1. What percent does the relative contact order of the stretch 43-156 come to when contacts are Cα pairs within less than 8 Å and at least six residues apart?
2. Based on other C-beta atoms within 10 Å, arrange 127, 98, 21, 145 from fewest to most.
3. About the Cα centre, and with charges only on the beta carbon of Lys, Arg (+1) and Asp, Glu (-1), how big is the dipole of the chain? Nearest 20 debye, please.
4. For the stretch 84-179, with the dipole built from +1 on Lys and Arg beta-carbon atoms and -1 on Asp and Glu ones, taken about the Cα centre, which of 126, 139, 153 lies farthest toward the positive end?
5. Using alpha-carbon pairs under 8 Å, 6+ residues apart, how would you state the relative contact order of the stretch 1-106 in percent?
6. Sequence neighbours fewer than 8 away in the same chain don't count; with that in mind, list the lysines whose C-alpha is under 21 Å from residue 128.
7. I'd like the orientation of helix 63-76 relative to the chain: the angle between its Cα long axis and the longest Cα principal axis, in ° from 0 to 90, rounded to 10.
8. In deg cm²/dmol and to the nearest 500, what is the mean residue ellipticity at 222 nm of the chain if only DSSP H runs of at least 4 residues count, each as -39500 (n - 2.57), divided by the residue total?
Amino acid sequence: MKKALITGANKGIGFETAKKLLENGYFVFIGSRNPENGRLAVQKLNEIGFENVEAIQLDVTDIASVKNARREIGNRTEVLDVLINNAGINGGFPQAALEAKAETFQKVMDTNLYGVVRVTQAFIDLLKKSEKPRIVNVSSSGCSLTLHCDPDWIYYSHKAAVYPASKAAMNMYTINLAY
Ligand SMILES: NC(=O)c1ccc[n+]([C@@H]2O[C@H](COP(=O)([O-])OP(=O)(O)OC[C@H]3O[C@@H](n4cnc5c(N)ncnc54)[C@H](OP(=O)(O)O)[C@@H]3O)[C@@H](O)[C@H]2O)c1
């Protein structure tokens with residue numbers, strides 16, 4: 001049975017992705033920074049008939065938590081087939097380029113970029129043992145450099161300096177990772 005880890009899977013897109021992977025026969029580790037929220041997410045999935053799912057405490061901004069999650073998952077499996085770096089924050093809006101605080105950039109980067117780096121590097125050894133490993137870094141078209149430079153793009157005027165910068169940086173990390 002193929003195994004997947006999803007960060008920030010206790011709710012939102014991560015939770016729905018977990019459901020889809022479970023429907024497709026995967027065993028899913030539900031990463032959740034709050035253990036109780038992880039437990040509740042697993043309970044919800046159990047209630048709708050999914051058994052191959054387990055919660056794992058994982059705060060992507062906390063290297064000790066990431067290392068502990070790696071140890072715990074390593075005790076459960078020798079191989080990880082899929083890592084979905086889904087956990088993300090937007091840092092709150094508005095985010096005008098001349099007003100957004102450097103601290104807000106740091107906080108958002110810590111989750112959306114450095115968090116992806118921490119988790120990817122911690123789990124790469126388990127992924128390398130899979131026949132067909134996959135890493136999915138969840139981005140957003142709203143963070144595209146190309147689209148944000150195109151005055152004809154429908155959201156051209158929807159500017160925000162922090163969140164899109166963090167995802168654009170993550171996109172570059174993803175390109176390097178893929179290479
Ligand atoms: N919603 C959209 O329209 C949209 C569009 C494009 C891309 N995205 C991206 O899709 C991903 C999921 O978004 P969503 O809409 O599902 O957001 P969401 O409902 O707010 O869920 C975000 C998840 O990330 C978790 N998280 C935040 N900081 C974390 C940390 N330090 N360590 C571990 N987990 C952390 C949250 O945990 P808590 O429950 O503890 O807060 C939650 O589980 C994000 O990367 C987002 O940028 C979303």
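1. Contact order relative to length: 31 percent.
2. Numbers: 127 17, 98 5, 21 23, 145 12.
By the 10 Å Cβ count, ascending, the order reads 98, 145, 127, 21.
3. 300 debye
4. 126
5. Working: 159 pairs, mean separation 31.3, N = 106.
RCO, the stretch 1-106: 30 percent.
6. Cα-Cα hits under 21 Å: 2, 3, 67.
7. 30 degrees
8. The per-residue figure over the chain is -15000 deg cm²/dmol.
Read the figures in this text as sums done on the coordinates, not as results from a lab. What you see is a predicted model, and the numbers here were worked out from it, not measured in a lab. No Cβ is skipped: glycine too gets one built from the backbone with ideal geometry, and neighbour counts run over all protein chains shown.
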